[in-house]
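Structure, as structure tokens:
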Amino acid sequence: MAQRPARLVIIDDHRMFADGFVALNDASARPYDIHVYDAPEVFLKALANGLSPDLFILDLVMKQMNGLALLSALRQQGSKAPVLMLSGMADAPPLAEMRALGANGFLHKSAGQDDLLDAIETLQAGGTLFDLEASEDAEGLASDFQAPVLAARQQQVLALIGQGATNRDISETLGISENTVKSHLRALYETLGANTRTGAVRKAQQLGLI
């Protein structure tokens, strides 16, 4: 009886990467059963309904929810499958936070196709893999910043202020009162160690949260 292919779940709101990986998989001698989610909230519902893949691939920076928050939610729901984090960001990624939340590996999206496939095999075999060059670049950042894990609603508010939205804009977009928006902003300022919207956005960008 033929062994079933390993089931991989990709959560990435940039479909170009996910579609490219699916095409790569189709042409690969190491094919996987791939399921793609471009909305973290939809993925979390599927996970709650019994989705149980062999490996997760999470994008670090997404609009609805950053990858660290999604990783935290995934582990809180009890999943023990290995997680490979990906990012295309130029700044050093928060590797220490990834490890603390239960990630098993990190790879930059500029890595080659074979590097990605090898990383998946390494994690499937029980190993870990964190991009060495990124690790070296991250050392200086880690001493100054610790990336927090934001609640889903806080992440949505953060993403909107990063786009220049006003409190009223955020209120209408999320269907919450402006007072609730202000409460989320105060919590964000405290969490990020910022006093202004601009400062919060700048710190969030440095930490890879948006």
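The values are calculated or read from the model by the stated rules, or taken from the named source; none is laboratory data. Here the structure is a predicted model, which means the values were calculated and not measured. FYI the Cβ positions are ideal-geometry reconstructions off the backbone, even for glycines, and counts take in every protein chain you see.
List of remarks:
- Residues that are touching a strand residue (DSSP E or B) at 6+ places or on another chain (Cβ under 6 Å) and of a type in the set (Ser, Thr, Tyr) were ranked within segment 104-130; the one that is surrounded by the most Cβ atoms within 10 Å (Cβ to Cβ) is THR122.
- Among the residues of segment 78-91, the ones that are among the small types (Gly, Ala, Ser), within 19 Å of MET65 (Cα to Cα) and surrounded by 15 or more Cβ atoms within 10 Å (Cβ to Cβ) come to 2 in all.
- Of the criteria (1) buried (at least 22 other Cβ atoms within 10 Å of the Cβ); (2) of a type outside the set (A, V, I, L, M, F, W, C); (3) modelled with pLDDT of 90 or more, which one ASP54 fails: (1)
- Pair list, Cβ < 8 Å and 6+ apart or interchain, from segment 95-113 residues that are more than 14 Å from LEU68 (Cβ to Cβ) and in the same structural domain as ARG75 (by TED's automatic domain parsing) to residues that are among the hydroxyl-bearing types (Ser, Thr, Tyr) and assigned to a helix (DSSP H, G or I): GLY105/THR122
- Exclusive hit being among the aliphatic types (A, V, I, L, M), modelled with pLDDT of 90 or more, in contact with a strand residue (DSSP E or B) (Cβ under 7 Å, 6 or more places away or on another chain) and within 20 Å of VAL149 (Cα to Cα), set LEU70, LEU95, LEU101: LEU70
- Residue within segment 56-76 that is closer than 24 Å to THR173 by Cβ, among the polar types (S, T, N, Q) and in contact with an Asp or Glu (Cβ under 8 Å, 6 or more places away or on another chain) present: yes
- Residue match in segment 77-88 (condition: charged (D, E, K, R) and within 17 Å of LEU129 (Cβ to Cβ)): no
- Applying the set (1) in a loop (DSSP other than H, G, I, E, B); (2) over 17 Å from the mean Cα position of the chain (by Cα); (3) buried (at least 19 other Cβ atoms within 10 Å of the Cβ) to VAL181 leaves exactly one unmet item: (1).
- Cβ-Cβ under 6 Å pairs, at least 6 apart or on other chains, segment 186-203 side surrounded by 14 or more Cβ atoms within 10 Å (Cβ to Cβ), far side outside any helix (DSSP H, G or I): THR191/PRO148; ALA200/ALA194; LYS203/ALA194
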